[in-house]
1. Among the listed residues 102, 111, which satisfies the condition of being at pLDDT 95 or above, within 15 Å of the ligand (Cβ to nearest atom) and either assigned to a helix (DSSP H, G or I) or touching a helix residue (DSSP H, G or I) at 6+ places or on another chain (Cβ under 9 Å) (or both)?
2. Could you go through the stretch 176-193 and let me know if any residue there is under 22 Å from the mean Cα position of the chain (by Cα) and closer than 22 Å to residue 433 by Cβ.
3. Taking strands (runs of 3 or more DSSP E) that fall entirely within the stretch 1-79, which contain at least 2 residues that are farther than 18 Å from residue 110 by Cα?
4. Inspect all residues belonging to the stretch 162-174 and state whether any of them is modelled with pLDDT of 95 or more and outside any loop (DSSP other than H, G, I, E, B).
5. Quick one: residue 61 ticks every box in (1) within 10 Å of the ligand (Cβ to nearest atom); (2) over 23 Å from residue 150 (Cβ atoms); (3) within 33 Å of the chain's Cα centre (by Cα) except a single one, so which number is it?
6. Looking at the stretch 11-29, I want the residues that are under 15 Å from residue 91 (Cβ atoms) and have a partner that is part of a helix (DSSP H, G or I) and more than 10 Å from the ligand (Cβ to nearest atom) with Cβ atoms under 8 Å, at least 6 apart or on another chain. Which pairs are those?
7. Kindly provide the set of residues from the stretch 137-153 that are free of Cβ contacts under 8 Å to residues at least 40 places away in the same chain and surrounded by 15 or more Cβ atoms within 10 Å (Cβ to Cβ), ordered by number.
8. Quick one: would you say residue 210 is surrounded by fewer than 13 Cβ atoms within 10 Å (Cβ to Cβ) and more than 21 Å from residue 141 (Cβ to Cβ)?
Ligand code: CTP
């Protein structure tokens, strides 16, 4: 019996997939189809797969060509599968020509003609979501660069109240169209990425929602709790997604880290210590303008995200110890948050430096996430008995913003707010920052 194996994502199942499977089956007597898992696709940089694994498997099954369906979960699995299933022929479409020649060592490799004029990417790119940028800051270039990796979206529209000097370059580099007035801008888009100073934030968000546009706000969200409630109410009423652009929340490794910490592997979590410090130098004034404040406003969203994820929403008390500049802005702040059964600390600074790592301590062990923990791609679980220590590696591509953008698009398509950073979690993070802004601060 001649055994054939082929692999694919089979997202938004189309004619090209059907033909490929039909031709693959015709190569032998028994066809094994490997369908990629969501994690594996993310790992190999394939973001924005629309259909769930179950749907993709079901679609392959319904063709009737597959005698067996397996799941592809890791790099190098193809060799393992070929040996395990005693495969005679490995086949894929001609778009992969040459790529799998190394498998010739294990079986025959055949590249089948690809069906012309159709692909999952093309289908994803019809009915693209038009995403505009309200406000332009340094982060915008990174955002637009990363957006290139996410299919199903078109970024081109920009609306700015104040034109920064680098706007012209940005317009040229990313072929942007700057809209002179807000109405025309909203008419041209489905969703908006908002990066404006806190004093304009609430108005900008509400305006977008009134125009029924989905909203992604670059962190930090610095509105009052009442305003946040108004925002979420209007977003729900108008069927709009509301998301905070706090990139760590959407990265693959951070998700795994939360799951692992919550699994009980380190026992009960006793403390979380997460720092985020910078010495901004020349960019200090710009950062202060952008967040209308010092280090807590600028950076504490990150450690607060960790606190909320690992210790929950209900903290008992929060204290801030700040070193201020002449204008009374905190350049360095140590934060102490107490919970019923745990405690959390963080150093945040825009003019000061600490190790940017994170330690999650438990009564059975701890998790060490090296700096910069907010761009997590590697962490270790450590125990009293060193032999039990484990290292975990995940992919973190580019600036990490692509995961956030991909999640935003996915949420819009699924008509459901993100579960990776929920509205309640955004509220808790914003509340902690607001407490700093009204607190009687301890300074040193
Ligand atoms: N395929 C094909 N003809 C097409 C599209 C895909 O023969 N027009 C083949 C691929 O070469 C591969 C299999 O179908 O062997 C599964 O491909 P997959 O990557 O899932 O589909 P694409 O449409 O190429 O997806 P994407 O655009 O996301 O890369």
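1. On the way: 102 fails: within 15 Å of the ligand (Cβ to nearest atom).
Result of the check over 102, 111: 111.
2. yes
3. On the way: elements: 3-8, 30-36, 68-72.
Passing ranges, in order: 30-36, 68-72.
4. We begin by selecting, within the stretch 162-174, every residue modelled with pLDDT of 95 or more; these are none.
There is no residue in the stretch 162-174 that is modelled with pLDDT of 95 or more and outside any loop (DSSP other than H, G, I, E, B).
5. Failed condition: (1).
6. So the pair list comes out as 17/59.
7. First, pick out the residues of the stretch 137-153 that are free of Cβ contacts under 8 Å to residues at least 40 places away in the same chain: 141, 144, 148.
Answer for the stretch 137-153, where residues must be free of Cβ contacts under 8 Å to residues at least 40 places away in the same chain and surrounded by 15 or more Cβ atoms within 10 Å (Cβ to Cβ): 141, 144.
8. yes
The values are calculated or read from the model by the stated rules, or taken from the named source; none is laboratory data. Computed from a predicted model, the values in this text were never measured in an experiment. Please note: Cβ atoms are built from the backbone with ideal geometry, for glycine as well, and neighbour counts cover all protein chains shown.
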